[in-house]
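The values are calculated or read from the model by the stated rules, or taken from the named source; none is laboratory data. If you're wondering where the values come from, they're calculated on a predicted model, not measured in any experiment. Virtual Cβ from ideal backbone geometry, glycine too; neighbours counted across all protein chains shown. Surface areas here come from the heavy atoms of the whole protein model, side chains and all, with no ligands, DNA or RNA. Shrake-Rupley method; radii C 1.70, N 1.55, O 1.52, S 1.80 Å.
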Amino acid sequence: MLTTGGGWQDQVGGVLGGFKRCASAPSLPLRVTSQVLHPSDEALHAINAHLLLVYTGKTRLARNLLQDVLRRWYTADARIVDNVRSLKANAEDMEQAVLACDVPKMGACLDAYWSQKKKMCDAEPPVVTRILSKLRPHVYGASLCGAGGGGFLLLITRRRNARPQVETALRGEAVSVHDVAIHNEDLRTQIFEETFV
């Protein structure tokens, strides 16, 4: 319906608030099940203190990447099939790390996820490679957001409230650094009716 040529994972991530684990059975019609995770308020505050977004300026369309991924999947490429199993296991590890408020483990899972995503499409924009090399001393993990990346790089920083250190590390790069926090409320829409006089 969104004509993105992509899947449901990014959309369901935006519709439901907070941390969640979403899945679908390998059958049609597709039915997505979502399990919302409930870390404590203290844990959520601690996690938020380690999150940053970097806008890299390098966007990619998911539909272009996903066509290559689907071709590999249809050929039952053993490397891709094994990687999908690893993605599932990593999601389970991330769930446990979130619930335990284990920020270093969350970073390791995010890094593993980025490596797994790259295996699916063999692509990392050179600017992202350069940015990540500068950020390694400051982060537990990082990944481009979404299948296509959307230009945003999610960071789990080693230090709390590390925006100044990240901005210093990226000085000279054409990027912007943004504070970010997990939003716990579901997506809500409002319809306003205008009355013309």
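Observations, loosely collected:
- Ordering Ala181, Tyr113, Val12 by the projection of their Cα atoms onto the charge dipole of the chain, which places +1 on the Cβ of Lys and Arg and -1 on the Cβ of Asp and Glu, puts Tyr113 at the extreme positive end.
- Given charges at beta-carbon only (K, R positive; D, E negative), |dipole| of the chain in Debye: 760 debye
- In order along region 100-106, phi translates into HN-Hα couplings of 8, 6, 8, 4, x, 5, 4 Hz, rounded to whole numbers, per the Karplus curve 6.51 cos²θ - 1.76 cosθ + 1.60 with θ = phi - 60° and x for Gly and Pro.
- Taking amide H atoms as placed 1.01 Å from N in the peptide plane, the amide H of Phe152 lies under 5 Å from those of Thr56, Cys145, each 5 or more residues away in sequence or on another chain.
- Contact order normalised by residue count of region 41-136, Cα under 8 Å, 6+ apart, percent: 35 percent
- Here Asn161 and Ser115 are evaluated by their C-beta separation; at R0 = 30 Å the FRET efficiency comes out at 0.65.
- Working note: Karplus 6.51/-1.76/1.60 with θ = phi - 60° gives region 20-31 the couplings 8, 10, 10, 8, 9, 6, x, 8, 10, x, 5, 10 Hz, where Gly and Pro are set to x.
- Region 119-197 - Kirkwood radius from inverse mean 1/r over Cα pairs (Å): 15.3 Å
- Solvent-accessible area of Thr195 with every protein chain in place, 1.4 Å probe, in Å² to the nearest 10: 120 Å²
- Sequence of Ser133, Ser34 from largest to smallest accessible area, 1.4 Å probe: Ser133, Ser34
- Accessible surface calculations at 1.4 Å, restricted to protein heavy atoms, place region 91-197 at 59 Å² per residue.
- Built amide H within the under 5 Å cut-off of Ser176, gap 5+: Tyr55
- Ligands, DNA and RNA aside, Ser115 has an accessible area near 60 Å² when probed at 1.4 Å.
- All other residues whose Cβ lies under 15 angstrom from that of Asn184 are scored, Lys and Arg at +1 and Asp and Glu at -1, for a net of -2.
- A Gaussian network model of the chain, with springs between Cα atoms under 10 Å, assigns the largest mean-square fluctuation among Gly141, Gly13, Gly172 to Gly172.
- Extended-chain gain in nm, criterion 0.36 nm per residue less alpha-carbon gap, Gln11 and Thr129: 39.8 nm
- Average Cα contact separation per residue, region 115-197, under 8 Å, 6 or more apart, as relative contact order %: 21 percent
- Order by protection proxy (mean Cβ within 10 Å, highest first), peptides 185-193, 18-26, 93-101: 93-101, 18-26, 185-193
- Shape category assigned to region 10-111 from the gyration tensor of Cα positions, a/c cut at 1.5: prolate
- For trypsin sites (Lys or Arg not before Pro), no site in region 95-146 is both called loop by DSSP and has at most 10 other Cβ atoms within 10 Å.
- Each helix, a run of at least 4 DSSP H residues, gives -39500 (n - 2.57); summed and divided by the residues of the chain, these come to -14000 deg cm²/dmol at 222 nm.
- Amide H contacts of Gly18: His183, Asn184, Glu185, each under 5 Å away and 5 or more positions distant or on a separate chain (H built 1.01 Å from N in the peptide plane; Pro and chain starts excluded).
- Relative contact order (%) - the chain, alpha-carbon pairs under 8 angstrom, separation at least six: 33 percent
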